[in-house]
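Below: the structure, in structure tokens.
The values are calculated or read from the model by the stated rules, or taken from the named source; none is laboratory data. In this text, all values refer to a predicted model and were calculated from it rather than measured experimentally. With ideal geometry, Cβ positions are generated from the backbone for all residues, glycine too; neighbour counts draw on all protein chains shown. To get the accessible areas, we keep the full protein, side chains included, count just its heavy atoms, and leave off ligands, DNA and RNA. Shrake-Rupley method; radii C 1.70, N 1.55, O 1.52, S 1.80 Å.
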Amino acid sequence: NEAVAGGGVVVNGGVFSMQAGFITGNKCLKAGGGAYVADSSFTMSGGTISGNTVDTNYGDGGQVFLDGGSFRMTAGIIGGDTFPTAAVINTAHAKDGGGVYVDKGGAFTMTGGEIRNNFAAGNGGGIYMGVNDSNGDGTGTANRISIENTAYIHHNRSYTQGGGIFAKQAATGEIGGFLTMSGGTLADNVASSNPASSISGDYSAGGQVFFTGDTFTMSGGIIGGTALPTHTIYHALSGAGVLIGDSSFIMSGGEIRYNYAIRVGGGIFVDASVNLAEIKGTANIHHNKTNNSGGGLCVYGPVTFSSGTIHENSANADGGGVYVDGNTFTMSGGSITENKANADGGGVYVDAGSLTMSGTSSITGNRANDDGIGSGEGGGVYRNSGTFSQGSGTVSGNTPDDIKP
């Protein structure tokens, strides 16, 4: 089937329940290659929506477009069986939102099932969350996405940003969206126009999540896989796990793990435009890697760290655990441990920013000059410029030294 909107199914002001069956092979011009749901209630507890497309020049929501209303997914599959390895735009499922596009105050709750192997020619390989501008004055209902329980979003690709999930920045008169994650997994999503067989080509930002909406709250779940990928493919240029900009990020639980960036921020990249970035509770950031700096966390915007762990991350250059550049990283608790940098700052590298330690914070068991080449220093903390202030807390047991210079 082919249509302007809703190539397979159109639901406008009604109720749609999908328990089994297939919506596949449909096309449309603008929105919802498989299903277009407007101001309606859509429940998916089984079945498959796959192989649907919209025009990649200006069409969004390759499989599902939610235009207001609600979409609750408890089981089933959105997407195909094969990861889109050759990133050729004319093979994409949509411009934005290869799998699902959420707009106009829509609420998407995913407690189970899979969103997999979708490809966006623009942003949001798996899911794209837009802004609500229906009133034009900054009032109205914000878009919301909730990832819970056994939801699994994997092996999606965006040509530009947000391989797994992309959330758009709100302009004046618009309302940014909210993302909450209390369970589920995002893994093996890629933000890149680069074929999987080559390290040349263009990688972008936010391999699993690119968030510039209102607030991203993570209290559980997993962002990342079970092992680092091979050197022939990365998750993103920067922020392989999560990129946060123009918004707030609160992580109180869950794991960000085994994400691999070419440039900076293997686990998390916090942009200078961020309003608030807070790491606390049982947050666990581990086994992330970057070819450059900031294996676990790259701090361009202000970050507070009060509890949780940043451990066993690695950087081929500086800042195995954390790289601070031009902003503030404030530790009142939590631990940074067993991170490695091939150059300086196994635990934390401070470059034109500030590191402040107090309370029970600890930086222990980290290693600089991990590859044994050159003369890496500051196994715990390396201050290139900026400031390091330690009112209390512990910096000890790092190799080859604790603090330099």
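In the P(r) worked out for the stretch 48-135, what percent of Cα pairs fall beyond 16 Å?
When all Cα pairs of the stretch 48-135 are counted, 49 percent exceed 16 Å.
When every alpha-carbon pair in the stretch 253-405 is counted, what percent end up more than 19 Å apart?
Tail fraction, whole percent: 41.
Report the local net charge at G173: Lys and Arg +1, Asp and Glu -1, summed over other residues whose C-beta lies under 11 Å from its C-beta.
Cβ neighbours under 11 Å give a net charge of -3.
Any idea what log10 I(q)/I(0) is at q = 0.08, 0.13 Å⁻¹ for the chain, Debye with uniform C-alpha scatterers and no solvent?
With one equal scatterer per Cα and no solvent, log10 I(q)/I(0) is -0.40, -0.94.
Express the accessible area of the chain per residue in Å², computed with a 1.4 Å probe while the remaining protein chains stay in the model.
Averaged over the residues of the chain, the accessible area is 33 Å².
Of all accessible surface on the chain at a 1.4 Å probe, what whole percent is carbon and sulfur?
47 percent
Based on alpha-carbon centroids, what's the gap between the stretch 325-393 and the stretch 276-302 in Å, whole number please?
12 Å
So which lysines can K30 reach, going by Cα to Cα under 20 Å and dropping same-chain residues fewer than 8 places off?
K95, K104, K168
In the stretch 216-318, which trypsin sites (Lys or Arg not before Pro) fall in coil by DSSP and have 12 or fewer other Cβ atoms within 10 Å?
Taking the stretch 216-318 and a limit of 12 other Cβ atoms within 10 Å, no loop trypsin sites (Lys or Arg not before Pro) are found.
Using a cut-off of 22 Å between alpha-carbon atoms, which lysines can reach K289, once sequence neighbours fewer than 8 places away in the same chain are excluded?
Answer for K289, where 22 Å is the Cα cut-off: K280, K340, listed by chain and number.
Please report, in debye to the nearest 20, how large the charge dipole of the chain is about its Cα centre when each Lys and Arg carries +1 at its beta carbon and each Asp and Glu carries -1 there.
Computed about the Cα centre, the dipole is about 420 debye.
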